[in-house]
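Student: Pasting a structure below so you can have a look.
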Amino acid sequence: MEAILISIGLEPIPAKIISMVIICVVVLLAFVTIGGVLTWVERRISGFMQARLGPNRVGPQGVLQWVADGVKLILKEDLIPDGADRKLFAIAPYFCLIGVFGTMVVFPWGKGVIVADLNVGLFYFISITALVVFGVLMAGWSSNNKWSLIGGMRAAAQIVSYEIPVGMGLLVPILISGTLSMGGIMAAQGWLPWDWMVFKSPFTVVSFIIFFIGSLAEANRTPFDLPEAESELVSGYCTEYTGFRYAVFFLSEWANLFVMGGLTTAVFLGGGNLPGVLEDYTILSILVFLAKVSVIIFVVIWLRWTLPRFRIDQLMDMSWKYLLPGAFIAFLGQAIYMLLTQHLPIVQSVVAVIMFLVFVFVLIRFIIRVRVNIREQRIPVNSPASDVL
Amino acid sequence: MGAYFQNIKNGFKSAFEGMSISFATMFVRKETVQYPEVNISTNKTIAEKYKGTLMGMPANSRGILDVNLSLCTACQICQKACPIDCIVIDNVKCDKTKLEDEVGNPVLNRFTQKEALKTRTVTRFDINAAKCMYCGLCAMACPTTAIRHTNRFEMNTESQEALILKFVSEEEKARAEKKANDIEAEAAAKKAKAAKEEKVKEKGAEE
């Protein structure tokens, strides 16, 4: 991009600035589209899981629903409640947006497709997403509303508590790859499932589960969506928001879902790694990455419509009594395991294959259960007992 | 300590089972009926599967008004009964006829129990369904039950004009007006003739 602009006859510095602006706009548009489409995906999947259809009117199968929603929200009046802290109220949604959008700098779209492969990439990732909690807390504080305030406070408590298990969970892959850069962590994994970070040892499995649960909580997803618990707090920190600012909150929430899926994929699920023969096809690598991300997103949405919401004390219990000790044990265990097997790569690969086989076994068990449940749900309600048995 | 690990085990077990149930639901039938496109009262598959009642509205419900013009005597009582003036009737003269129902029995006036006579016919019978408040006063006042409420309530239209129900078509109106003109012309001719005869008679008497 920069080279093209210089070849037209621009000076190097303006060319750099213009190319940066163009890249920013492109990434922002991609980001908005992803966030928007995810709202539709989520509503559609939730509909299917509740034996409904979900939005299917705007465009084929309702794919343009998010455009209609966005236009509606933008055309709405921008209300600021009486007694609100106007400056904080106005700026809060953009903190959320920046917190999520900032992660795009180190977002590993595929092998070598990354805006800036910082050597502290993972650290940057965790730090910049912490801006979201500022936004949420500001929104809750400035709304002059009890529900908003409680929502904001809960968000702060929740994110502070879950940062620790998430950070500890990420320490295990860092231990294995020996680097904090996204590219380095991806390079430490292969394209085969047993080369992925998850299946390297029993301890990585534990750390993956802990990281996954923790990042669910950090993204304010159900079952950890206490900051906006509808049944208790109306809509939590965004109770008083309308129009464009509300849209920004929601955009950042769903984009956060994508970002979270991306981080999980890059760190634990092999990112966009391809077999050696296909290594030159960057597009293929991006597609592999996106496919893995969509699986993670599906699982997150699926969890949302399966599990009920936690109570606040259960939430804290979960973080401090279960996830944190688990993360410590996983970290220590992995360190000891690596120390013991550092000269025995064959043992490491055998353990990895065994972990993968355990996963396959669990998956098969799961498919059997799903089949049983499908059979049970096919039976009409109110049918006589003889039909059920 | 045992309870601690039991909790973890239970958490994973219940999440596993719960996720299998919600995943299974994705592939089982959708219960949504796409209402305006699917007619729930005539769709057979719904009628077979549905366990509640599909009877629809009760018989005495007051839905959109309907007029049976073969029973209407153009008396305009309904127009006067309507508290919000949503009924508009224009009428012209017609042949004096006794009203009959489909079978051929004479129709009686509900209030006087005499045979209903039709001396005028409507050229315009408009009901503004958007204004109508479904009070039922017109149907109560009608002597021949020509105007009555149906059970119908689905009336989405694209404009308010489409909500003005017109019961007399343009051709019928033209025909009725032509007929009325004929009757009047005939009556005028009769009158003229009668007057002439009178004059002739008077002349004869004078002579």
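Read-outs throughout are calculated quantities, based only on the coordinates presented, and are distinct from any laboratory measurement. Fair warning: this is a prediction, and the values are worked out from it, not measured in the lab. Because the Cβ atoms are built from the backbone with ideal geometry, glycine has one as well, and the counts that use them run over all protein chains shown.
Student: Assuming R0 = 56 Å, what is the FRET efficiency of A:Val362 and B:Glu161, from their Cβ-Cβ distance, to the nearest 0.05? All intermediate terms of the calculation are to be shown ahead of the outcome.
Tutor: Working: r = 64 Å, r/R0 = 1.15.
In this case the efficiency is close to 0.30.
Student: Given A:Tyr281, A:Leu340, A:Leu180, which one lies farthest toward the positive end of the charge dipole of the protein assembly as shown, if we put +1 on the Cβ of every Lys and Arg and -1 on the Cβ of every Asp and Glu?
Tutor: Final value for the positive-end residue is A:Leu340.
Student: 222 nm [θ] for the protein assembly as shown, helices only, -39500 (n - 2.57) per DSSP H run of 4+, per residue, to 500? Write out the running numbers ahead of the final one.
Tutor: Working: 21 runs with 342 residues, N = 596.
The per-residue figure over the protein assembly as shown is -19000 deg cm²/dmol.
Student: Go through A:Val362, B:Asn7, B:Asn39 and say which Cα lies farthest out towards the positive end of the charge dipole of the protein assembly as shown; charges sit on Cβ, +1 for Lys and Arg, -1 for Asp and Glu.
Tutor: Value: B:Asn39.
Student: Taking chain B as a Gaussian network, Cα atoms linked when under 10 Å apart, which of B:Lys30, B:Lys191, B:Lys13 shows the biggest mean-square fluctuation?
Tutor: Result: B:Lys13 has the largest fluctuation of those listed.
Student: Next question. Give the shape of the stretch A:235-362 as rounded, prolate or oblate, defined through the alpha-carbon gyration tensor: a ≥ b ≥ c are the square roots of its eigenvalues, a/c under 1.5 means rounded, and otherwise the shape is prolate if a/b is larger than b/c and oblate if not.
Tutor: Numbers: a/c = 2.60, a/b = 1.37, b/c = 1.90.
Verdict is oblate for the stretch A:235-362.
Student: Here's a follow-up. Mind checking which lysines have their C-alpha under 27 Å from A:Lys76, skipping anything on the same chain fewer than 8 residues away?
Tutor: The qualifying lysines are A:Lys87, A:Lys146.
Student: Using a Gaussian network model of chain B with C-alpha springs under 10 Å, which one of B:Glu184, B:Glu154, B:Glu197 is most mobile by mean-square fluctuation?
Tutor: Maximum fluctuation in the GNM of chain B, among the listed residues, is at B:Glu197.
Student: Is the C-alpha gyration tensor of the stretch B:65-184 telling us rounded, prolate or oblate? Criteria: a/c under 1.5 is rounded; beyond that, a/b larger than b/c is prolate, otherwise oblate.
Tutor: Numbers: a/c = 1.96, a/b = 1.30, b/c = 1.51.
Oblate, because a/c is 1.5 or more while a/b does not exceed b/c.
Student: HN-Hα J couplings of the stretch A:199-211 from phi, Karplus 6.51/-1.76/1.60, θ = phi - 60°, integer Hz, Gly and Pro as x?
Tutor: These are the phi-based 3J(HN,Hα) values: 8, 5, 7, x, 6, 5, 4, 4, 5, 4, 4, 5, 4 Hz.
Student: Hey, got the dipole for the protein assembly as shown? About the Cα centre, +1 on K and R Cβ, -1 on D and E Cβ, debye to the nearest 20? Kindly include the intermediate steps, with their values, before the conclusion.
Tutor: On the way: 57 positive and 52 negative charges, 292 e Å.
About 1400 debye.
Student: What value does chain A have for Rg/Rh, both radii from Cα atoms and Rh as Kirkwood defines it? The partial results should precede the final answer.
Tutor: Working: Rg = 22.7 Å, Rh = 22.9 Å.
Answer for chain A: 0.99.
Student: Determine the alpha carbon to alpha carbon distance for each of A:Lys200/B:Lys13; B:Lys98/B:Lys178; A:Lys200/A:Lys321; B:Lys118/B:Lys191; B:Lys98/B:Lys166; B:Lys44/B:Lys131 and list only those over 32 Å.
Tutor: Details: A:Lys200/B:Lys13 24 Å; B:Lys98/B:Lys178 21 Å; A:Lys200/A:Lys321 25 Å; B:Lys118/B:Lys191 23 Å; B:Lys98/B:Lys166 25 Å; B:Lys44/B:Lys131 35 Å.
B:Lys44/B:Lys131, as the Cα separations exceed 32 Å there.
Student: Sticking with this one: Residue by residue, what Karplus-based ³J(HN,Hα) values in Hz, rounded to whole numbers, does the stretch A:25-40 have, using 6.51, -1.76 and 1.60 with θ = phi - 60° and x for Gly and Pro?
Tutor: Rounded to whole hertz, the list is 4, 4, 5, 5, 5, 4, 4, 5, 5, 4, x, x, 4, 5, 4, 5.
Student: Also, I was wondering about something else. Shielding of A:51-57 by partners, i.e. mean partner chain Cβ atoms within 10 Å per residue?
Tutor: On the way: counts 7, 3, 5, 2, 0, 2, 1.
For peptide A:51-57, the averaged partner shielding equals 3.
Student: With label points built 7 Å along Cα→Cβ from the Cα atoms of A:Asp78 and B:Lys199, find their separation and express it in nm.
Tutor: 8.8 nm
Student: Select from A:Leu53, A:Val21, A:Ile6 the residue farthest towards the positive end of the dipole of the stretch A:1-62; place +1 on Cβ of Lys and Arg, -1 on Cβ of Asp and Glu, and compute about the Cα centre.
Tutor: The listed residue farthest towards the positive side: A:Leu53.
Student: Can you tell me the 0 to 90 degree angle between the C-alpha axis of helix B:170-206 and the longest principal axis of chain B, rounded to 10?
Tutor: The answer is roughly 20 degrees.
Student: Determine the relative contact order of chain A: mean sequence separation of Cα pairs under 8 Å and six or more apart, normalised by residue count, in whole percent.
Tutor: Details: 539 pairs, mean separation 79.5, N = 389.
In percent, rounded to a whole number, it is 20.
Student: Pick from B:Ile21, B:Ile89, B:Ile64: which is most flexible by mean-square fluctuation in a GNM of chain B where alpha carbon atoms under 10 Å apart are linked?
Tutor: The residue with the greatest mean-square fluctuation here is B:Ile21.
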